[in-house]
Amino acid sequence: MIRRRASFADTELTGRRRELHTLRVLLDGMSDKRGGALVVRGEVGIGKTALLQGVRPSPDTLVLAISGVEPEKELDFAALHRLCAPVLPGINRLPAPQRHGLEATFGTGTEGHPDRFLVGLAALGLLSEAAAERPLLCVIDDAQWLDQATAHTLAFVARRVHNEPIVLVLAVREPNDRPELTGLPELRLEGLAEEDARKLLSVRFPSPFDGPVRDCVVSEAQGNPLALLELSRTADVAGGFTSPGTGALPSPLEADLRKKLAGLPRNTRLLLLLAAAEPTGDPVQLWRAAGHLGITSAAGTPAIDAGLVSLGLWVRFSHPLVRSAIWRDASPADRRTAHGALAAVMAGGAELDRWAWHHAQALTGPDEDAAKALEHSARCARARGGIAAAAAFLEKAVELTTEPRGRVERALNAAEAKRDSGALDAALHLLSVAEAAPRDDATHARAEALRARIAFDLKRDATSVAELQRAAARMAPLDSALAREISLETLAAAMSVGRFAHGPRLSEAARAARSAPSAPRPARPLDLLLDGLASHISDGFVAAAPLLRRVLDVCLRGEKAGSPSPDVSWVVCGVAMDLWDDVGWQELADRHVQHARTAGAVRALPSVLGYRALAHIHAGEFAAAAGVMAEAHTVDTDVGTPGLAGMDATLAAWRGDQGSTAELAAVAHQGAVSRGEGRVLTALEYARATLFNGLGRYDAALEACRPAYDLDEAGFHAWGPVEYIEAAARSGNAGLAVPALEKLVQRAQASPTDWALGMELRSRALLGSGDDVGDLYQEAVRRLDLSRAAVHAARARLLHGEWLRRRGYRLEARTHLSEAHTRLTAIGADAFAARAARELRATGERPGSRRAGVVTRKLTAQELQIARLVASGATSKEVGIQLFLSPRTIDAHLRSIFRKLSISSRRQLRDMPLSP
């Protein structure tokens, strides 16, 4: 099929040739099965809407167009529902989890889990299905008014349509910020040049202006087209423009709108107020509400003639300022009247939540029944994944409550919902409402705990850790189970802050945890974890090892009741690493990732993906680690949570990439300092130590990991000492390595896995001087080969070969060095491989060429991940579900994979060496 290219109106927008070309190129790509996204940014009136309306896509293009409206901003997924409505019949072609999730979100089904990530994948699939028939253009104007859930979803989709004939164009007002759209391609509209502004005036107003009037209009408008036209209409052509004004640009525009509104009949203003109060744009509801107030259709004519609104299939204002001007200009009594009319016509209908909202807004005083209705709506909204909407309902419920205890309870619930939705300032305001009223000890403790959690969200410092600790102590005599949950959060927070805590904050938190009320019977997994961590911090790893082992066993059994919250789930993987249990560590990471994907625990997904990536590094699967990290960064961008602070630097260090490690570590260091995450600094120090050990720069390696070694933080016990010992031994500081070895031996014997014993033997050999050193290395290699520690097994071979060469056993050294070189090269640990190559040359042997890993290095991290899944027998749809991509995007990647590997079928892919 030959498709026509996108075109534009015969007369292009004045002064927008460059911007129109950018849009034309984007739309033309759809004819080649390519898509993309563009965020058009600019101040009010700069021409964003005009630019979008100037697009003339090819006739066979399906166009979905909506505008964000301010009152809808609190209603999660409302805008998404409007956008997807024309293509919703295609929902039956989606996989069941996605279909059910989208149906639950839109309130048409109850089987699914309305999580934002599942909804994002479902929306992508729905639009992809529509684009299979013809190209799809989604135009979203006034995106600054989108509800947060819709904005997240559209950003999710926008990042995944490059291989689909789908284009999303979103217009966003500035200075309003939309962090959900950060990272998408942008087109920033600036003011028109003076020549273009004068040209626009001459086109729109053929009658000549008096010179001073024209100059004043052009000057005041500052290149803003809407301001230029609006100010021109108000100018006195004979006498000149009286007052250019000194306020922000919207001020004269809104003032003019208010002037127009003031000249309208009262019923017309009330009709517009009804339209402003109900953001769905449904004309049926509008006219029913108007009839309730005795307003006839004739009232709309003056507003239409004034160019303020269109009243056709949908109710649409000509500009966002029209809606805001109407609302701000109305009296509180008129606003209540509008809400009351809307509530009256919605009563008994299907839209109970909208009825509850309008009914509540129409009231002049407290109303317990209305507050209860809002609470019910909040529960329904939360069940649909609308946390922000739930918070708005609860906040209004607080206003309608006068009974002190009920007001406190609702204020606390609303504050918690606001915190969950990310609105921390609003949460603190509601919390102050709760704290100002009389309350009992239990609610006081609950309020203090919430304030402490918000404090840590905001500051992540030692002071906020202390606040959490005090909250746990206050809760202890009132609710022991909740007190222990807060104590676990306190310990995790103190561990995260690490070195940024002034004084022995972590040890204080551990002592407080040990004095907390006894765990309930039977003990929950979080209770066992709390006791294990407290013992680890207070008594040391060796004493705590049996209890930590029990914690890990319980978690590996998959007991969900009483499990740690997602905020502290990373601690469990750290326990597995401290216990040298790489099998359990990988199993837990896999399980957490799978659970997060299927259950929709998206906020936790970047963190658990990070631990899974680290497990891949440990196993020598660098390409797989890069793929997991790419996914984690994508999710992190979509959900807006702190992600993988130092993981990129860690992988770059293991790969021996000095430049990337330095650059990534600098970025991660800056972020860690600004957020107060001391653990990230520890991870970066060990990453640098690994890099320098690989490069043979042992003095630098020792300097890099010395601060972290002295801190001896939980979660790093299996990593830090071995780098420290190698750096100290090889830099001529063996004396420093002796106490480190003693500590390592104690920990390895407390949890004697193959990984632990292999690292102990390797470290003993490094510091040994007798004839048994060779035997120690051989046994270390054997033990590490039995574990999943592929990178450490390869490095043990390297150390053995280096020792043999220095002892003069060149032939034996060649065998071990050659094997080390082959393995390290295949893994991609280039610095260590180069070290092995230097040692081989010193024995008179030329290092072999890079045979292993050639296939995998042809592919990007994401392509390799897709290739492995397809080679295992997964369909494109199954791979898309797992990687949050559409099946067509998977097929596009497969075409690239086939081309790079010179193959033509999935069957051939199964025969390719895709392992690292």
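The values are calculated or read from the model by the stated rules, or taken from the named source; none is laboratory data. The model shown is predicted, which means the values in this text are computed figures rather than measured ones. Please note: Cβ atoms are built from the backbone with ideal geometry, for glycine as well, and neighbour counts cover all protein chains shown.
At-a-glance table
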read-out: Residue in the range 59-68 that is crowded, with 20+ Cβ neighbours inside 10 Å, closer than 20 Å to Ala383 by Cβ and of a type outside the set (S, T, N, Q) present; value: no
read-out: Criterion (of a type in the set (A, V, I, L, M, F, W, C), at pLDDT below 95, under 30 Å from Thr108 (Cβ atoms) and surrounded by fewer than 19 Cβ atoms within 10 Å (Cβ to Cβ)) met by exactly one of Ala383, Ala370, Ala378; value: Ala383
read-out: Residue check, Ala350 hydrophobic (A, V, I, L, M, F, W, C), in a loop (DSSP other than H, G, I, E, B) and over 22 Å from Ala452 (Cβ atoms); value: yes
read-out: Answer from Tyr709, Tyr724 - the residue that is closer than 24 Å to Met495 by Cα and modelled with pLDDT of 90 or more; value: Tyr724
read-out: Residues within the range 479-494 that are of a type in the set (A, V, I, L, M, F, W, C) and surrounded by fewer than 24 Cβ atoms within 10 Å (Cβ to Cβ), tallied; value: 3
read-out: Test: Val213 is over 30 Å from Trp314 (Cβ atoms) and either at pLDDT 70 or above or in contact with a Gly (Cβ under 7 Å, 6 or more places away or on another chain) (or both); value: yes
read-out: Pairs where the first residue, in the range 301-317, is assigned by TED's automatic domain parsing to the domain that holds Leu271 and farther than 15 Å from Gln285 by Cα and the second is at pLDDT below 85 and in a helix (DSSP H, G or I), C-beta under 8 Å, 6+ apart; value: Ala306/Lys260; Leu308/Leu257; Leu308/Lys260; Leu308/Val322; Val309/Val322; Phe317/Ala276; Phe317/Arg323
read-out: Residue within the range 87-99 that is assigned to a loop (DSSP other than H, G, I, E, B), over 31 Å from the mean Cα position of the chain (by Cα) and either modelled with pLDDT of 90 or more or buried (at least 18 other Cβ atoms within 10 Å of the Cβ) (or both) present; value: no
read-out: Helices (runs of 4 or more DSSP H) enclosed by the range 409-488 - at least 2 residues per element that are aliphatic (A, V, I, L, M) and closer than 25 Å to Arg679 by Cα; value: 441-459, 462-475
read-out: Test: residue in the range 629-638 that is at pLDDT 80 or above, among the hydroxyl-bearing types (Ser, Thr, Tyr) and part of a helix (DSSP H, G or I); value: no
read-out: In the range 427-460, the residues that are within 29 Å of the chain's Cα centre (by Cα) and modelled with pLDDT under 85; value: Phe456, Asp457, Leu458, Lys459, Arg460
read-out: Subset of the range 455-474 [more than 22 Å from Ser515 (Cα to Cα), in contact with an Asp or Glu (Cβ under 9 Å, 6 or more places away or on another chain) and of a type outside the set (Gly, Ala, Ser)]; value: Phe456, Arg460
read-out: Members of the range 800-830 that are crowded, with 21+ Cβ neighbours inside 10 Å, closer than 22 Å to Gln658 by Cβ and not basic (Lys, Arg); value: Glu802, Ala820, His821, Leu824, Thr825, Ala826, Ile827, Gly828, Ala829
read-out: Residues of the range 174-194 satisfying the condition of being out of contact with any strand residue (DSSP E or B) (no Cβ under 6 Å at 6 or more places or on another chain) and either closer than 16 Å to Leu80 by Cβ or surrounded by fewer than 24 Cβ atoms within 10 Å (Cβ to Cβ) (or both); value: Pro175, Asn176, Asp177, Pro179, Glu180, Thr182, Gly183, Glu190, Gly191, Ala193, Glu194
read-out: Count of the range 16-74 residues which are in contact (Cβ under 8 Å) with a residue 60 or more places away in the chain and assigned to a helix (DSSP H, G or I); value: 18
read-out: Sole residue being among the hydroxyl-bearing types (Ser, Thr, Tyr) and in contact (Cβ under 8 Å) with a residue 24 or more places away in the chain, chosen from Ser464, Ser515; value: Ser464
read-out: Within the range 75-86, tally of residues that are in a helix (DSSP H, G or I) and surrounded by 18 or more Cβ atoms within 10 Å (Cβ to Cβ); value: 7
read-out: Options Leu552, Leu528, Leu547; residue that is aliphatic (A, V, I, L, M), more than 17 Å from Ala492 (Cα to Cα) and not assigned by TED's automatic domain parsing to the domain that holds Ala789; value: Leu547
read-out: Hey, Gly694 at pLDDT below 95 and assigned to a helix (DSSP H, G or I) or not; value: no
read-out: Number of positions in the range 399-422 that are buried (at least 16 other Cβ atoms within 10 Å of the Cβ), more than 28 Å from Ala476 (Cα to Cα) and free of Cβ contacts under 8 Å to residues at least 40 places away in the same chain; value: 2
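Condition check ((1) within 19 Å of Ala277 (Cβ to Cβ); (2) outside any loop (DSSP other than H, G, I, E, B); (3) among the β-branched types (Val, Ile, Thr)) across all residues:
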residue: His358; (1), (2), (3): yes, yes, no
residue: Glu375; (1), (2), (3): no, yes, no
residue: Cys380; (1), (2), (3): no, yes, no
residue: Lys396; (1), (2), (3): yes, yes, no
residue: Thr402; (1), (2), (3): no, no, yes
residue: Arg405; (1), (2), (3): no, yes, no
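Residue by residue, here is whether (1) outside the structural domain of Val172 (by TED's automatic domain parsing); (2) in contact with an Asp or Glu (Cβ under 8 Å, 6 or more places away or on another chain); (3) within 28 Å of Asp28 (Cβ to Cβ) holds:
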residue: Leu64; (1), (2), (3): no, no, yes
residue: Val69; (1), (2), (3): no, yes, no
residue: Ala78; (1), (2), (3): no, yes, no
residue: Leu83; (1), (2), (3): no, no, yes
residue: Leu88; (1), (2), (3): no, no, no
residue: Ala96; (1), (2), (3): no, no, no
residue: Gly107; (1), (2), (3): no, no, no
residue: Val119; (1), (2), (3): no, no, no
residue: Ala122; (1), (2), (3): no, no, no
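Here is a yes/no grid of residues against (1) under 28 Å from Leu695 (Cα atoms); (2) part of a helix (DSSP H, G or I); (3) at pLDDT below 90; (4) not assigned by TED's automatic domain parsing to the domain that holds Ala789:
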| position | (1), (2), (3), (4) |
| --- | --- |
| Gly584 | no, yes, no, yes |
| Ala589 | no, yes, yes, yes |
| His595 | no, yes, yes, yes |
| Ala615 | yes, yes, no, yes |
